Amino acid sequence: MGMIRQNIQMMISEEEIRQRVKELGRLIEADYSGKDLVVIGLLKGVFPFFADLVRAIDLDFHVTFMRISSYGFDLESSGKVKILQDIDTQISGKNVLIVEDIIDTGQTLAMTLEHLKTQSPASIRICVLLDKPSRRIVDVPVDYVGFSIKDVFVVGYGLDAREMYRNLPYIGIFHTESNLVT
Ligand code: PRP
């Protein structure tokens, strides 16, 4: 439904996302029940997933964000991960859950982990909506995965192509002129 975009091919529907987010919420809820939890979202791409996921976790916890960027305005990762904004919460002795939209090369999450570990949390786990295992350069332990996908350029539900399409309620494959399907 909605506007037809010739360059975007539906991959994961709104309904499929909703179902999977609900399941992830249940798993996280069971694992952290009775524990001191801080949920950290990595902006910007995570914003829709984060909003849906935290509302699917029926526990009491802190929420905070970090802003990390590797792609800038390019379509390919620059490989240089920068912390643009740090967390504003104490995580020492607490259980930390990092929430991210997608793990690709792993560089963003590897750097985030390294950075947060220096603040002595009791534990750190990672939850990603999408995993592209074939692209991994750095090994990162991911505890909760929404969907494992092949190496295609995805947009929507927070993910962008040159800062566009983050608002799409579904996840689609983005076709540039060079790989446009006819
Ligand atoms: C994207 C995505 C992840 C990261 C994954 O972020 O949101 O954070 O790249 O890639 P990696 O595993 O190869 O490090 P981007 O730098 O585009 O920032 P954004 O979240 O603001 O879109």
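Out of region 155-182, which residues are under 20 Å from K44 (Cβ atoms), open to solvent by 60 Å² or more (accessible area, probe 1.4 Å) and of a type in the set (A, V, I, L, M, F, W, C)? Of everything in region 155-182, just one residue is under 20 Å from K44 (Cβ atoms), open to solvent by 60 Å² or more (accessible area, probe 1.4 Å) and of a type in the set (A, V, I, L, M, F, W, C), namely M164. Does H62 fit the bill of being within 15 Å of the ligand (Cβ to nearest atom) and over 26 Å from G156 (Cα atoms)? No: the conditions fail for H62.
Whether any residue in region 143-153 is within 12 Å of the ligand (Cβ to nearest atom) and touching a Phe, Trp or Tyr at 6+ places or on another chain (Cβ under 6 Å) is what I want to check. The answer is yes, given that some residue of region 143-153 is within 12 Å of the ligand (Cβ to nearest atom) and touching a Phe, Trp or Tyr at 6+ places or on another chain (Cβ under 6 Å). Close Cβ contacts (under 8 Å, 6 or more residues apart or on different chains) running from residues in region 152-163 that are at pLDDT below 95 to residues that are among the aliphatic types (A, V, I, L, M) and not in a strand (DSSP E or B) comprise R162/L75. Residue-level check: of (1) farther than 18 Å from E14 by Cβ; (2) open to solvent by 60 Å² or more (accessible area, probe 1.4 Å), V152 misses just (2).
Just one of the listed residues (D52, D36) is open to solvent by 20 Å² or more (accessible area, probe 1.4 Å) and touching a helix residue (DSSP H, G or I) at 6+ places or on another chain (Cβ under 7 Å), namely D52.
Within region 30-53, being more than 13 Å from the ligand (Cβ to nearest atom) and either without any contact (Cβ under 8 Å) to a residue 12 or more places away in the chain or closer than 14 Å to I126 by Cα (or both) holds for A30, D31, Y32, G34, L37, V38, V39, A51, L53. Take region 91-106 and flag every residue that is surrounded by fewer than 19 Cβ atoms within 10 Å (Cβ to Cβ) and either modelled with pLDDT under 95 or within 20 Å of G45 (Cβ to Cβ) (or both). Listed by number, the list holds a single entry, T105.
Being assigned to a loop (DSSP other than H, G, I, E, B), farther than 19 Å from V128 by Cα and among the β-branched types (V, I, T) holds for only one residue in I4, I87, and it is I4. Condition first: open to solvent by 50 Å² or more (accessible area, probe 1.4 Å), within 19 Å of the chain's Cα centre (by Cα) and hydrophobic (A, V, I, L, M, F, W, C). Can you find one or more residues in region 107-117 that meet it? Yes, region 107-117 has at least one match. Only one of the numbered conditions (1) assigned to a strand (DSSP E or B); (2) open to solvent by 60 Å² or more (accessible area, probe 1.4 Å); (3) hydrophobic (A, V, I, L, M, F, W, C) is not met by I137, and that is (1). Taking the criterion of being within 6 Å of the ligand (Cβ to nearest atom) and under 14 Å from L129 (Cα atoms), the residues of region 91-108 that qualify are E100, D101, I102, I103, D104, G106. Among the residues of region 7-27, those identified as part of a helix (DSSP H, G or I) and open to solvent by 50 Å² or more (accessible area, probe 1.4 Å) are E14, E15, E16, R18, Q19, R20, K22, E23, R26, L27.
The values are calculated or read from the model by the stated rules, or taken from the named source; none is laboratory data. All figures in this text were calculated on a predicted structure; none of them were measured in a lab. When we count neighbours, we look across all protein chains shown, and the Cβ atoms used for this are built from the backbone with ideal geometry, even at glycine. Ligands, DNA and RNA are stripped out before the accessible areas are found, and what is left, the full protein with its side chains, is counted by its heavy atoms. Shrake-Rupley method; radii C 1.70, N 1.55, O 1.52, S 1.80 Å.
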